[in-house]
Amino acid sequence: MPIEPSENWQDVHESDIEAVARLLRRGEISIVSGGHLARFEKQFAAFAGGRHAVATNNGTAAIHAALWAAGVRSGDEVAVCDYGFHGMAAAVRSLGAVVVPVDAEPLGLTMDPQDLSRAISERTTAILVHNPWGIPADYAALRAAAPGVPLVADASHAHGALYRDEPLAAHADIACFSLGRGKLVSGGELGCAVTRDPELHERMLVYGHVNRVPGDLKTLDWGGSAVGLKLRPHPVALVLALGQLKRYPEKQALQRGYARDVETIAGDLGLIPLRPCCAAERVYWRIVLGVPEGLAATPEEVATIAERLRRAGAALEPNHYWPTLQHQSLFDWEDHRAGIRRRPCPVAARIVPRLLTLPARVQPPADALERLRECLTAVLAGDDTRTTSPVSTGETPQ
């Protein structure tokens, strides 16, 4: 049973607390190889569609190690969707590579394969593919647009999402996950990179798990110790994530049911839910709705609707990832001004400022959907002078 039973889903159960307590009683406050680390990597690799996994201390560290394993070095270019978390660009820049923004397709705001084909150059060493809010990108089309270039998936929102009936690591060369606070599966602070390629797996170990090299290497003939970074996770995070992974199918089913009900309500009122552009089954880390020009002529009017929704009681979140990636303040820093090859991304520029973001609840109060319907209806009809209690809550995405 959850610690404090309520109408809301509890991610941390008494069994998790007891598992952490056992860990501390044994003095296991760091782990290099085997034990909970091996169990987590084996279970998460299978969950994500891969054969090998490297656990890290956060999702950005997983991307960092994955890009290095894929061959990204100083002066190379990495194609990155312009709609996404600035941590993707930070991982690219940490290796001295140049970010090349790629426009989004209009249905799910994943990377547009046609624009990718225009963005790549002879210097393109990897493609960093975002799967925003749990919506898978079109991996086959991206591979066709850039043959032979490694695909690294940022799947930080997409735990359990399927592309062509398979998890994402079955289609990307490496799929990277954040299991940070508030993620669909969380260890508090944790990341994981999953692959089917044993050499890529061992290259990530060489980069980020210094103490496992050379003992855990079976494919690479690596003469030295390692590159020297310690990106390994804390064992408490591994224990928490193992507990949540076990319960995730139930959580995912409940969350998907609520989110689809919200999307139906929003669609009936003229809003446009994001959806996959391809043969994919999404998960829901957030519910993101587009406001068409028929409801708001300008982005400024969309912002006014958002503020009115908040005043009326909707727990509306900020418009994450606006401005888009290439306009983030990271590239105002002197060290990074030359670290981006800016390109026009008109679809992202047009759609992203027109988005509304709601949390995807798991077990909300029984009247949550009806209260949300009333709130949306009143605001979109201009009849929102009354005050209501909040209809939902959520964490701040990364």
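What the table below lists for this structure:
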item	result
Calculated on alpha-carbon atoms, Rg and Dmax of the chain in Å	21.3, 71
Share antiparallel - DSSP beta bridges, the chain, percent rounded to 5	55 percent
Charge-dipole axis of the chain as Lys and Arg at +1 and Asp and Glu at -1 on Cβ define it, positive-most pick from 327, 368, 87	87
Relative exposure of 157, 234, 52, judged by other C-beta atoms within 10 Å (fewest first)	234, 52, 157
Crossing angle, helix 35-48 versus the chain [Cα axis fit, 0-90 degrees, rounded to tens]	50 degrees
Neighbour-count order for 124, 195, 377, fewest beta carbons within 10 angstrom listed first	377, 124, 195
Per DSSP, loop GluC sites (Glu not before Pro) in the range 228-332 with at most 13 further Cβ within 10 Å	293
Fewest-first sequence of 85, 44 by Cβ atoms within 10 Å of each Cβ	85, 44
Phi-based couplings in Hz for the range 147-154 (Karplus 6.51, -1.76, 1.60; Gly and Pro marked x)	x, x, 8, x, 9, 10, 8, 8
Principal-axis tilt of helix 235-268 within the chain, Cα atoms, nearest 10 degrees	30 degrees
Separation of alpha-carbon centers, the range 84-112 and the range 245-309, rounded to whole Å	22 Å
Restricting the range 1-98 to trypsin sites (Lys or Arg not before Pro) in coil, as DSSP defines it, with at most 12 other Cβ within 10 Å	26, 73
With Cα atoms, 0 to 90° folded angle of helix 299-312 axis to the chain main axis	80 degrees
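Computed from the coordinates by the stated procedures, all read-outs in this text should not be read as laboratory data. As the structure is a computational prediction, the values presented were derived from the model and not from experiment. Ideal geometry is used to build each Cβ from the backbone, glycine not excepted, and the neighbour counts take in all protein chains shown.
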